[in-house]
1. Residues in the range 145-160 that are loosely packed, with under 15 Cβ neighbours inside 10 Å, under 13 Å from residue 192 (Cα atoms) and in contact (Cβ under 8 Å) with a residue 12 or more places away in the chain: how many?
2. Any idea which of 173, 125, 153 is of a type in the set (A, V, I, L, M, F, W, C) and modelled with pLDDT under 95?
3. Scan the range 63-108 residue by residue and report those that are open to solvent by less than 70 Å² (accessible area, probe 1.4 Å), without any contact (Cβ under 8 Å) to a residue 40 or more places away in the chain and of a type in the set (S, T, N, Q).
4. When only residues in the range 152-167 that are of a type in the set (D, E, K, R) and not in a loop (DSSP other than H, G, I, E, B) count, which is nearest to ligand 2 (Cβ to nearest atom)?
5. List the residue pairs whose Cβ atoms are under 9 Å apart, where the first residue sits in the range 16-32 and is at positive phi and modelled with pLDDT of 95 or more, the second is surrounded by 11 or more Cβ atoms within 10 Å (Cβ to Cβ) and in a helix (DSSP H, G or I), and the two are 6 or more positions apart or on different chains.
6. Would you check if residue 50 is crowded, with 16+ Cβ neighbours inside 10 Å, of a type in the set (Gly, Ala, Ser) and within 19 Å of residue 113 (Cα to Cα)?
7. From 181, 170, grab the single residue that is within 13 Å of ligand 1 (Cβ to nearest atom), assigned to a loop (DSSP other than H, G, I, E, B) and open to solvent by 10 Å² or more (accessible area, probe 1.4 Å).
Amino acid sequence: ESKSRLKGGISGFEREMDGRYIEQQKLKADLREAVSAQALHLVFQPMFRADGARIECAEALARWVHPEKGSIPPDVFIRLAEEMGIISDITRFVLFKACSECMSWPDHIAVSVNLSARDLRDADILSVVADALAHSGLDAARLHLEVTESCLIDEPQAVRAILAELRARGITIAIDDFGTGFSSLSYLDTLPLDIVKIDRSFVRNIVEDTRRLKLLRGTVHLARELGLKIVIEGVETEEQLALLNKHRSTDLVQGYVFSQPVPSQNIPLLQQGIGRRPVQRRRNKV
Ligand code: C2E
Ligand code: MG
Ligand code: MG
Ligand code: MG
């Protein structure tokens, strides 16, 4: 029972706070139900080779269409799921689904799955990943896992051991949203990693602001020196893409300039479509 009601008088502010609290509780209950009913679905956003000539990987992105409220952004429901302690159920669902969808794509295309910090606190993730691979029949070499810098803060030693084990099994490890957390480039050297996904905030102003471009190029250069492969996220315009290619700043590009997230069955179609069109017009709006 809310405090305001006990006191008798309900101010507009208190009523609004109660309203929001109740709404949040309702959303959590609905999320719990959606997760247990496996009502979430996945879309996949391709990562293209920087010249646009081929899709190398596609990232699984969870979607939740709420029956009344419509589409709820993953930034919102993933955080809720973390708070509620049900993120591991989402991760399991996404892993199984993503691995089996990948089996229906051309062999050279890998699939990438996001892990949350919670997933890496628990060595159970090793058996969940093993089960998803076994169940789908997917080769470990076609599975990428994305972790963020925040995953590594809590128990760096335990997390490092889990990542090293996943990598020993042939899985590719990527650090996601790089540059938005607190860690420095020197930190990269100590982690079992293959790929750095540079956050889209680095790309946003590279055309207008040469200092931003320099920052991006410096970051890329250092990561490359450490033997890591580069993905640049959030490339939206032809101008940005041209600039990145002029400076050979990236291996892979993930962004609206090539494609938005699409249903699984569109991945082979996008791959097929490449080569039928000239490079400048290879812009996939689906
Ligand atoms: P992320 O892993 O960094 O995924 C990339 C996000 O950037 C996606 O947003 C994608 O749609 C968006 N994006 C890609 N290219 C562009 C672009 O050119 N411009 C702009 N403005 N945006 C672009 P989305 O799907 O809303 O996902 C947001 C975040 O939610 C993800 O960021 C990830 O952290 C989290 N997320 C999504 N699905 C899952 C999941 O299955 N598990 C976990 N743990 N997190 C997930
Ligand atoms: Mg990601
Ligand atoms: Mg990212
Ligand atoms: Mg993100």
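1. Final tally of qualifying residues: 1.
2. 153
3. 91, 100
4. Within the range 152-167, the subset of a type in the set (D, E, K, R) is 154-155, 160, 165, 167.
Of the ones still in play, those that are also not in a loop (DSSP other than H, G, I, E, B) are 160, 165, 167.
Working: 160: 20, 165: 21, 167: 18 Å.
Only one residue tops the list, namely 167.
5. From residues that are at positive phi and modelled with pLDDT of 95 or more, there are no pairs.
6. In short, no.
7. Numbers: 170 fails: within 13 Å of ligand 1 (Cβ to nearest atom).
Only one candidate qualifies: 181.
The values are calculated or read from the model by the stated rules, or taken from the named source; none is laboratory data. These numbers were taken from a predicted model, which means no experiment stands behind them. In this analysis, Cβ positions are derived from the backbone assuming ideal geometry, glycine residues included, and neighbour counts consider all displayed protein chains. Ligands, DNA and RNA are excluded from the accessible area calculation, which covers all protein heavy atoms including side chains. Shrake-Rupley method; radii C 1.70, N 1.55, O 1.52, S 1.80 Å.
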